[in-house]
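*Asks:* I have a structure here, written as C-alpha cells, and I will follow up with some questions on it.
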Amino acid sequence: MTTVLEIEGVSKKYGDHEVLIGVDLVVQPGQILGLLGANGAGKTTLVSIAAGLRTADAGRVRIAGVDAVSNPREAQSHMGIAPQELGIYPTLTVADNLGLFARLAGMKGPAVRQRVEQVAELLGLTEKLKKQAVTLSGGQKRRLHTGMAILHRPDVLFLDEPTVGADVQSRAGILAVVRELAQQGSAVVYTTHYMTELEQLDADIAVLQRGRIVASGTIDELVARHSSSKVVLKFD
Ligand code: ATP
C-alpha cells in the first residue's frame, strides 16, 4: 500500500520546552489514525506541523509524496484541515461558507453545489444551508468546520479534537463523515481525548506522551500490550 502521510524525526521546542522529540508516523490511504494523549502532550503541535501551519525544528513531512517543507502549497492541496481556530464567515450563509471553501480548494461549476448539498446532508446541516453561519449553535459550527475540511475529498484529513463542545447529533455527524471519507480512500489523522470515538471509528491509535510516540497499533493490540507494559492508557 502507498503511504500518503510520512512524518519522520519531527522535533519541536518552545523555548526550552521540548514538545516533540523525534516523532515518526506513517498513515496509509483509508486509514484513520487516532492520536491520543493527555493535555499538553503535543497533539495539536504535531498536527499543525504536519498540516504546514507551524514549522518543525527538525524532521520532515511528506504528503502524497510531496515534501511539505519545501513545497507547502502543493502539499496543502492534498489536505483537508479543520483546526480549532479555522475561520467561518459569520455573515455568509452556511451554503456560501461551504461553497467558498470548495472553490478555494479548486472545485468548479455545478460540482460545487452538488458537493455542498451532499456534505450538508451527511452532517445534518441541510436545513441550515440558507441561514447565516452566525446563527449556528456551537455543535453546528463544529459540523460546518468539518464540512469545510472534507469538501474536496482530500488525500489526508487532519481533525484536531473535532467533537469538543459538540452535541450528540453533531458528534454522530462528524464521526459519520470521517468514516465515509476513509472508506473512499482518504487518510485521516484524528486527535481526541475520547477513546470511545476511536473505537467507533475503528481507528488505529498512536499514543503521544511527553513528545514521544510511546505506543501504536490497533485498540486490541494496545489493550493486550498494556497489561505487560508501563504505558498508561488514561487520557481524560
Ligand atoms: P490539548 O489536548 O490540551 O489540546 P495537546 O496535546 O494538543 O494538548 P499542544 O497544544 O501541542 O498539546 O501543546 C504542547 C505543549 O506545548 C503544551 O505544554 C503547550 O503549553 C505548549 N505550547 C503549545 N503552543 C505553544 C506556543 N505557541 N508557544 C509556547 N508553548 C506552546
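*Asks:* Suppose we filter Gly40, Gly52 for residues that are in a loop (DSSP other than H, G, I, E, B), within 12 Å of the ligand (Cβ to nearest atom) and over 13 Å from Glu6 (Cβ atoms); which single one remains?
*Replies:* On inspection, the qualifying residue turns out to be Gly40.
*Asks:* If you go through region 122-139 one residue at a time, how many are part of a helix (DSSP H, G or I) and in contact with a strand residue (DSSP E or B) (Cβ under 9 Å, 6 or more places away or on another chain)?
*Replies:* So the answer is 2.
*Asks:* List pairs: first in region 179-200 and within 12 Å of Pro162 (Cβ to Cβ) and of a type outside the set (Lys, Arg), second within 16 Å of the ligand (Cβ to nearest atom) and part of a strand (DSSP E or B), Cβ under 6 Å, 6+ apart or cross-chain?
*Replies:* Val189/Leu33; Val189/Phe158; Tyr190/Gly34; Tyr190/Leu159; Thr191/Leu35; Thr191/Asp160
*Asks:* Would you point out the residue of region 157-176, among those that are buried (at least 23 other Cβ atoms within 10 Å of the Cβ) and more than 16 Å from the ligand (Cβ to nearest atom), that is farthest from Arg103 (Cα to Cα)?
*Replies:* In this case the residue turns out to be Ser170.
Yes/no per residue for (1) modelled with pLDDT under 95; (2) under 14 Å from Gly211 (Cα atoms); (3) surrounded by fewer than 14 Cβ atoms within 10 Å (Cβ to Cβ):
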residue	(1), (2), (3)
Thr2	yes, no, yes
Asp16	yes, yes, yes
Leu20	no, yes, no
Val23	no, yes, no
Gln28	no, no, no
Ala38	yes, yes, no
Lys43	yes, yes, no
Val47	yes, yes, no
Ala50	yes, no, no
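*Asks:* Got a number for residues in region 14-37 being in contact (Cβ under 8 Å) with a residue 60 or more places away in the chain, more than 13 Å from the chain's Cα centre (by Cα), away from the ligand (no atom under 15 Å from the Cβ) and part of a strand (DSSP E or B)?
*Replies:* Of the residues in region 14-37, 2 are in contact (Cβ under 8 Å) with a residue 60 or more places away in the chain, more than 13 Å from the chain's Cα centre (by Cα), away from the ligand (no atom under 15 Å from the Cβ) and part of a strand (DSSP E or B).
*Asks:* Within region 201-219, can you find the residues that are closer than 19 Å to Leu181 by Cα and assigned to a strand (DSSP E or B)?
*Replies:* Applying the first criterion (closer than 19 Å to Leu181 by Cα) to region 201-219 yields 201-205.
Matches in region 201-219: Asp204, Ile205.
*Asks:* Here are the criteria: (1) more than 16 Å from the ligand (Cβ to nearest atom); (2) modelled with pLDDT under 90; (3) surrounded by fewer than 14 Cβ atoms within 10 Å (Cβ to Cβ). Tell me which single one Ile88 does not satisfy.
*Replies:* Among (1) more than 16 Å from the ligand (Cβ to nearest atom); (2) modelled with pLDDT under 90; (3) surrounded by fewer than 14 Cβ atoms within 10 Å (Cβ to Cβ), Ile88 violates only (3).
*Asks:* Does any residue of region 115-130 turn out to be in contact with a Leu (Cβ under 7 Å, 6 or more places away or on another chain) and over 24 Å from Tyr190 (Cα atoms)?
*Replies:* yes
*Asks:* Separate question: Asp67: away from the ligand (no atom under 12 Å from the Cβ) and at pLDDT 95 or above, yes or no? Before the answer, list the steps.
*Replies:* Values: away from the ligand (no atom under 12 Å from the Cβ): yes; at pLDDT 95 or above: no.
No; evaluated as a whole, the condition is false for this residue.
*Asks:* Here is a further query. Just the residues that are more than 16 Å from the ligand (Cβ to nearest atom) and either of a type in the set (Gly, Ala, Ser) or within 16 Å of the chain's Cα centre (by Cα) (or both), please, taken from region 185-198.
*Replies:* Gly185, Ser186, Ala187, Val188
*Asks:* When you scan region 80-100, do you find a residue that is farther than 24 Å from His145 by Cα and either in contact with a Leu (Cβ under 8 Å, 6 or more places away or on another chain) or not β-branched (Val, Ile, Thr) (or both), even just one?
*Replies:* no
*Asks:* If you scan region 158-169, which residues turn out to be touching a residue at least 40 places away in the same chain (Cβ under 8 Å) and over 15 Å from Leu198 (Cα atoms)?
*Replies:* Within region 158-169, just Gln169 meets the criteria.
The values are calculated or read from the model by the stated rules, or taken from the named source; none is laboratory data. Note that the structure is predicted; figures quoted are calculated from it, not measured. Don't worry about glycine lacking a Cβ; one is built from the backbone with ideal geometry, like all the others, and counts go over all protein chains shown.
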